[in-house]
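Structure, as structure tokens:
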Amino acid sequence: MRLGLIDLGSNTVKLALYQVQGNRFEQLDFQARFVKILNYISHGELSEEGIQRLIAVLLEYRTICQTRQVEQLECFSTASLRQITNQAQVIARVSRETGITIHPISGEQEAYYNLLGMRLTAKEDSFLGQDLGGGSTQLFTWLDGKPGPSESFFLGALKMKQQFVAEDLPTRQEAHAIAQNAGEVLARAEAFAGLSFSTLYLMGGSARLLKRLLGADHGTVAASALEALKERYLDHPEQARAEILAADPGRLVTCVPGMLVILAVIRQFQVDTVRISSSSVREGWLLDWMNRQEKMQNNKADNKPIIADEIG
């Protein structure tokens, strides 16, 4: 079957098209639009303008799916709608005007999907993974061949920009405030106490941008190279602006704040090497969805009732 999957993030709204056959899938297409939902949240509510921008991009994606003969269209939201007070109203409005149902996922679910997706590329018995989004960052671990601690933090690239940066790019003082905040938040995460990893696996749009900026075609960079890039951008903001705009204009204001969050993780866990993964939360969601579909088919074949907990 052909499946469309919309990932409604705080900075971008993505559409991935997959061909799903049994327990295998192939990505057919990928689209991304910079909606920057966080910019339209005021006093805890998503504004009318924000709702209209969201509806516009979802209608565009629905048309793409119809043209590409997608048989099933699914949509989930991450930190973008996680804390808004009018979440139920937004979901109902979107459903009414687009026919698309948004399924909000918790930070814990997002970290779980991240881990599933990362297992497609990270084959070690133990590793640390990070998914840096616009509104949050998820840390997840695989320890001795099984899931370890995971947690979602409100340390997203766009959120850090909104909270600490006045202009497009942070000053050195603003960068210090982001680094200090991220370091303090991570240090309080008791589930990760005492853990260290030589390698950090990164996923997300900000990570892929850093891959281009660092010229890391193979996807592996030294943590020191990322630190050096950060220092160069803080010392030479116009050079930073030119390079980021050339690589990905939509991430001008989130690139350096995101880099600072990644570097805080690197320091917290004493990381030496960073590997930038092509996997994403979407592949994790898809793997979980495929597993649930298989269970449902098996239950039907055995004439078993489907229990809510089983399909989660």
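The values are calculated or read from the model by the stated rules, or taken from the named source; none is laboratory data. Nothing here was measured: the structure is a model prediction, and the numbers come from that model. As a convention, Cβ positions derive from the backbone with ideal geometry for all residues, glycine included, and neighbour counts pool all protein chains shown. Side chains are part of the model used for accessible areas, which takes the heavy atoms of the whole protein and leaves out ligands, DNA and RNA. Shrake-Rupley method; radii C 1.70, N 1.55, O 1.52, S 1.80 Å.
Per the Cauchy relation, a quarter of the hull surface: what is the mean projected area of the convex hull of the alpha carbons in region 75-164, in nm²? Walk me through the numbers on the way to the answer.
Details: hull surface 27.6 nm².
Averaged projected hull area, Cα only: 6.9 nm².
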So what are the radius of gyration and Dmax for the Cα set of region 125-171, in Å? 14.2, 44
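Note down the relative contact order for region 67-184 as a percent, whole number, built from C-alpha pairs under 8 angstrom at least six residues apart. Before the final figure, lay out each step's value.
Values: 148 pairs, mean separation 20.7, N = 118.
Relative contact order for region 67-184 comes out at 18 percent.
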Label-zone membership for region 149-178, site Leu252, 7 angstrom Cα→C-beta point, backbone N under 11 Å: 168-169
Helix-only [θ] at 222 nm, the chain, -39500 (n - 2.57) per DSSP H run of 4+, per residue, nearest 500, equals -14500 deg cm²/dmol
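Run the dipole for region 1-155 about the Cα centre, Lys and Arg Cβ at +1, Asp and Glu Cβ at -1, nothing else charged, and hand back the magnitude in debye, nearest 20.
Details: 14 positive and 17 negative charges, 71 e Å.
Dipole magnitude for region 1-155 comes out near 340 debye.
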Which one, Ala223, Phe164, Val90, projects farthest toward the positive side of the charge dipole computed for the chain from Cβ point charges (K/R +1, D/E -1)? Val90
Counting only protein heavy atoms, what percent of the accessible surface of region 198-298 is carbon or sulfur at a 1.4 Å probe? 48
Once the cut-off is 13 Å, how many percent of the Cα-Cα pairs in region 38-96 end up in the long-distance tail? 64
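Packing-wise, with mean Cβ within 10 Å as the measure, how do 185-198, 157-170, 14-27, 113-126 rank, highest first?
The peptides rank, most packed first, as 157-170, 113-126, 14-27, 185-198.
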If we sort 100-108, 234-242, 199-207 on the protection proxy, mean other Cβ atoms within 10 Å, highest first, what's the order? 199-207, 100-108, 234-242
What is the spread of the Cα atoms of region 98-149 along each of their three principal axes, largest first, in whole Å? 44, 19, 16
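Can you give the Rg/Rh ratio of region 113-205, where Rg is from the C-alpha atoms and Rh is the Kirkwood radius?
On the way: Rg = 14.5 Å, Rh = 14.2 Å.
Ratio of gyration radius to Kirkwood radius for region 113-205: 1.01.
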With the convex hull built on the Cα atoms of region 1-75, state its orientation-averaged projected area in nm². 5.2
Using only C-alpha atoms and all pairs of different ones, pull out the Kirkwood radius for region 12-53 in Å with one decimal. 12.5
Which whole-number value in Å² is the accessible area per residue of the chain, probe 1.4 Å? 46
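Using the Kirkwood formula on the Cα atoms of region 80-239, what hydrodynamic radius do you get, in angstrom to one decimal?
Numbers: mean 1/r = 0.0564 Å⁻¹.
About 17.7 Å for region 80-239.
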What is the log10 of I(q)/I(0) for region 147-198, computed with the Debye formula using one identical point scatterer on each Cα and no solvent, at q = 0.22, 0.24 Å⁻¹? -0.85, -0.93
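Please report the relative contact order for the chain, taking Cα pairs under 8 Å with a sequence separation of at least 6, and give it as a percent rounded to a whole number.
Here the relative contact order equals 17 percent.
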With label points built 7 Å along Cα→Cβ from the Cα atoms of Glu26 and Asp235, find their separation and express it in nm. 4.8
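Suppose a student asked you for the relative contact order of region 1-135, using Cα pairs under 8 Å spaced at least 6 residues apart; what percent would you report? Please report the intermediate quantities before stating the final value.
Values: 207 pairs, mean separation 36.6, N = 135.
Computed value for region 1-135: 27 percent relative contact order.
For region 155-198, with only Lys/Arg (+1) and Asp/Glu (-1) charged at the beta-carbon, what is the dipole magnitude about the Cα centre, in debye rounded to 20?
Details: 4 positive and 5 negative charges, 12 e Å.
Once rounded to the nearest 20, the dipole reads 60 debye.
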Would you mind calculating the gained length between Thr63 and Ala191 on full extension (0.36 nm times residue separation, minus the Cα-Cα distance), in nm to one decimal? 41.7 nm
Roughly how many Å is it from the Cα centre of region 153-194 to that of region 17-36, as a whole number? 31
Counting pairwise Cα distances across the chain, what percent come out greater than 25 angstrom? 51
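Tell me, what is a quarter of the convex hull surface for the C-alpha atoms of region 1-137, in nm² with one decimal? Numbers along the way, then the final one.
On the way: hull surface 34.8 nm².
Projected area, direction-averaged: 8.7 nm².
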If you take the charge dipole of region 85-211 about its Cα centre, with +1 on Lys and Arg Cβ and -1 on Asp and Glu Cβ, which of Gly107, Gln173, Phe192 is farthest toward its positive end? Gly107
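How large is the charge dipole for region 73-195, taken about the Cα centre, if only the Cβ atoms of Lys, Arg (+1) and Asp, Glu (-1) carry charge, to the nearest 20 debye?
On the way: 10 positive and 14 negative charges, 53 e Å.
Computed about the Cα centre, the dipole is about 260 debye.
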Which three extents, in whole angstrom, do the alpha-carbon atoms of region 154-239 cover along their principal axes, largest first? 40, 33, 20
